[in-house]
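J.: A single structure is presented below for examination.
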Amino acid sequence: MATEGTKFQVNYKLADGTLINLYAATVQELETGLADLSMNATNIKVTGMELSNARVASALVPTVEAVAASFNATPVAPPQPASVNAAGGVHQCRHGEMAFRSGTSAKGPWKGYMCAAPKGAMDKCDTIWVR
């Protein structure tokens, strides 16, 4: 919401009618806000589609390869092999194939199958922990 100190206002209207308003008091706030919107554009689009009961288009969820190509970068770790469950099938959730991840925290080593939804997605599925 615009306040008394608002000097800059940018409004976006998405194809589904969703309005995104950005307010800033300084050029630096405006630049930061625009950068934040840009970094979250995919999440905004996907969330809007899900909230309007539209089918989530897989093209909106970037792959590691697509992100790496856009930055002319090489991923640090290669993609993990398909995650096979006890029944011999691949671990799936409503967002697609779940990725196997492992690491070590302050509590010790951990491993589990993670949802394919983008980081920060409100409907991200629970991790299936391997004990």
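J.: What do you reckon, is M39 surrounded by 13 or more Cβ atoms within 10 Å (Cβ to Cβ) and either modelled with pLDDT of 80 or more or over 21 Å from A99 (Cβ atoms) (or both)?
T.: Values: surrounded by 13 or more Cβ atoms within 10 Å (Cβ to Cβ): no; either modelled with pLDDT of 80 or more or over 21 Å from A99 (Cβ atoms) (or both): yes.
No; evaluated as a whole, the condition is false for this residue.
J.: Please verify whether A121 is under 25 Å from N43 (Cα atoms), at pLDDT below 80 and part of a loop (DSSP other than H, G, I, E, B), treating the condition exactly as stated.
T.: Numbers: under 25 Å from N43 (Cα atoms): yes; at pLDDT below 80: no; part of a loop (DSSP other than H, G, I, E, B): yes.
In short, no.
J.: Which of the following residues is of a type in the set (A, V, I, L, M, F, W, C), modelled with pLDDT under 90 and surrounded by 10 or more Cβ atoms within 10 Å (Cβ to Cβ): L30, L19?
T.: Numbers: L19 fails: surrounded by 10 or more Cβ atoms within 10 Å (Cβ to Cβ).
After applying the criteria, what remains is L30.
J.: Does at least one position in segment 62-69 carry a residue that is modelled with pLDDT of 70 or more, closer than 19 Å to L19 by Cα, loosely packed, with under 12 Cβ neighbours inside 10 Å and charged (D, E, K, R)? Even if it seems obvious, please write down each step before you answer.
T.: Step one: list which residues in segment 62-69 are modelled with pLDDT of 70 or more, which gives 62-69.
Keeping just the survivors that are closer than 19 Å to L19 by Cα gives none.
Checked against the condition, which is being modelled with pLDDT of 70 or more, closer than 19 Å to L19 by Cα, loosely packed, with under 12 Cβ neighbours inside 10 Å and charged (D, E, K, R), segment 62-69 yields no hits at all.
J.: I want to confirm something. Restricting to segment 106-118 and keeping residues that are without any contact (Cβ under 8 Å) to a residue 24 or more places away in the chain and assigned to a loop (DSSP other than H, G, I, E, B), which single residue is surrounded by the most Cβ atoms within 10 Å (Cβ to Cβ)?
T.: Taking segment 106-118 as the starting set, the residues that turn out to be without any contact (Cβ under 8 Å) to a residue 24 or more places away in the chain are 106-112, 114-115.
Narrowing further to those that are assigned to a loop (DSSP other than H, G, I, E, B): 106-107, 115.
Details: A106: 4, K107: 6, C115: 21.
Looking at the filtered set, the residue picked out is C115.
J.: From the list G103, G5, exactly one residue is modelled with pLDDT of 75 or more, assigned to a loop (DSSP other than H, G, I, E, B) and surrounded by fewer than 13 Cβ atoms within 10 Å (Cβ to Cβ). Which is it?
T.: Numbers: G103 fails: assigned to a loop (DSSP other than H, G, I, E, B).
Being modelled with pLDDT of 75 or more, assigned to a loop (DSSP other than H, G, I, E, B) and surrounded by fewer than 13 Cβ atoms within 10 Å (Cβ to Cβ) holds for just one of G103, G5, which is G5.
The values are calculated or read from the model by the stated rules, or taken from the named source; none is laboratory data. Everything numeric here is computed off the predicted structure, so don't read it as measured data. Backbone-built Cβ (ideal geometry, glycine too); neighbour counts: all protein chains shown.
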